[in-house]
Every structure is written in C-alpha cells, then in structure tokens.
Amino acid sequence: MTKHNKDRSKNQNFLIVDLAKDVLVTTKIAKQNHAALRSGFAGYPANPKWNTAKYLAWKTGSKLRKALAEGRMTVRSEDSMLVPAQMQEEKTEQELSHSKLFFLFARAKQLLPN
C-alpha cells in the first residue's frame, strides 16, 4: 500500500456526528456509541450500565462541551463543524488577507488605462 493510500484509508475512518442542533463533529467513535457522545455533549450524566466504550464516548462529549464553553473550540458558521478556536481564527485571517488582495487587485485595475 502506498503512502497516499494509507493516508486516505486513515481519513476514511472518521464519521461526522450531529452532536446537537447545528453542531457537527468528526470522530472515530463507533456509530453504536454516538448516543453516549451526544449525551455527554448535552450535559447529561453517564449511565452506570454503560460499557467502557460508551462511557469514553460520553466523556469525550463532556470534554467537547467544556472546550466549547471555555472558548477553546468554536462552531464554524459555514458548515456547523465544531473545530478548535485557533483553526477558526487562522481561517478568518486568511479570508481577510484574500479580501485585501481582492481590494488591491480591483484598485490596481481601476488605475490601469482602458
């Protein structure tokens, strides 16, 4: 298997989970544990009857909720994806630099003779 195929197969294990209304997250947590993940994100207590995998999914959901409340994570407006806050800030800075370039290009175009 080539390096490219290995990278691609690693990314295929991620699933997109709807944590709450307009909040999505990518995760490798198995589908049968997504309810526990949502439960942790919603702030519900863990079920004492859960197995270890469900409890860890719940714990992950709780940590995501806490990170969102503390501002370490944010929900991206364009796709409702829960991402690290620094990632969103980098994207905003990149968009700002693109808009500056567009403005400069448009201004230079105005200054050129027809």
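Quick note: the coordinates plus some simple rules give every number you see, no bench work behind them. Bear in mind that the values here come from a model prediction, so they are computed numbers and not experimental data. FYI the Cβ positions are ideal-geometry reconstructions off the backbone, even for glycines, and counts take in every protein chain you see.
Each label point is 7 Å from the Cα along the Cα-to-Cβ direction; what then is the distance between the points at residue 14 and residue 42, in nm?
2.6
Between residue 67 and residue 50, how many nm apart are label points set 7 Å from Cα along the C-beta direction?
Going from the residue 67 label point to the residue 50 one covers 1.7 nm.
Which far-off residues, 5 or more places away or on another chain, put their amide H under 5 Å from the one on residue 24, with H placed in the peptide plane?
Under 5 Å from the amide H of residue 24: 19, 81, 82.
For the stretch 3-84, go through all pairs of different Cα atoms, get the mean of 1/r, take its inverse, and jot down that Kirkwood value in Å.
13.4
Which length gain, in nm to one decimal place, applies between residue 59 and residue 26 when the Cα-Cα distance is subtracted from 0.36 nm times their residue separation?
10.3 nm
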